[in-house]
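The values are calculated or read from the model by the stated rules, or taken from the named source; none is laboratory data. Predicted, not measured: the structure shown is a model, and the values here were computed from it. Using ideal geometry, Cβ is built from the backbone for each residue, glycine included, and neighbour counts are taken over all protein chains shown.
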Amino acid sequence: MADSDFPGWHGTTIIGVKKGGQVVIAGDGQVSLGQTVIKGTARKVRRLSPGGFEVVAGFAGSTADAFTLLERLEAKLEATPGQLARASVELAKDWRTDKYLQKLEAMLIVTDGKDLLVITGAGDVLEPEHNVAAIGSGGNFALAAARAMMDSDKPAETVAREAMAIAADICVYTNGNLTVEEISGQ
């Protein structure tokens, strides 16, 4: 099978919601290869604690690539304790300029409870508008659903869970098996 014939891995929706002093990152558990669900219980949201500084990260894309990026992010956070934005920019710079990292196919949503950021391989570190960020196959569905709920009295976790449920109903590459991590604003 030629590389161009490979169906590719799909099946991730990650959302970050910042509301009421809380930040929640939620991710579904589905991994698909072409039209086949390979796994329904993947854990795509992780809690990192480099040097005692707590960060929650969710990833979309190739798992091995995402873990490489998470390791690099941890190293950047250890070098710049308590400075998530600076560590994220340093990671994005490396990702954009390092020939090895340039081949990585993943995206990250990260938070320290204060900042909510999306990090991409294009060298972007984005702070989302409206305090909601979403990536992956069903990201646009989850983003739209969450934005519609942001003016409600629902807490961040409820917004994230309900937005993910809507995305799972629409996107065939997203399921309802969620990993949810919450961190308080600092």
#### Entry: Test result for residue 129, closer than 18 Å to residue 15 by Cβ and over 15 Å from the mean Cα position of the chain (by Cα)
yes
### Query
What about residue 37, is it surrounded by fewer than 23 Cβ atoms within 10 Å (Cβ to Cβ), among the hydrophobic types (A, V, I, L, M, F, W, C) and farther than 26 Å from residue 161 by Cα?
no
### Task
Among residues belonging to region 169-179 that are aliphatic (A, V, I, L, M) and farther than 21 Å from residue 18 by Cα, point out the one that is modelled with the lowest pLDDT.
172
#### Entry: Residue list for region 1-51, restricted to those being at pLDDT 80 or above, out of contact with any Leu (no Cβ under 9 Å at 6 or more places or on another chain) and not in a loop (DSSP other than H, G, I, E, B)
13, 19, 22, 24, 31, 32, 33, 36, 37, 38, 39, 47
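When you scan region 98-142, how many residues do you find that are part of a helix (DSSP H, G or I), surrounded by fewer than 21 Cβ atoms within 10 Å (Cβ to Cβ) and in contact (Cβ under 8 Å) with a residue 12 or more places away in the chain?
Of the residues in region 98-142, the ones part of a helix (DSSP H, G or I) are 99-102, 129-131, 139-142.
This time we only want the ones that are surrounded by fewer than 21 Cβ atoms within 10 Å (Cβ to Cβ), so: 99-102, 129-131, 140.
After this cut, where a residue has to be in contact (Cβ under 8 Å) with a residue 12 or more places away in the chain as well, the list is 101-102, 130-131.
So the count comes out to 4.
Conditions (1) surrounded by fewer than 17 Cβ atoms within 10 Å (Cβ to Cβ); (2) within 22 Å of residue 29 (Cα to Cα), marked per residue:
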| position | (1), (2) |
| --- | --- |
| 151 | yes, no |
| 161 | no, yes |
| 168 | no, yes |
| 174 | no, yes |
| 177 | yes, yes |
| 181 | no, yes |
| 184 | yes, no |
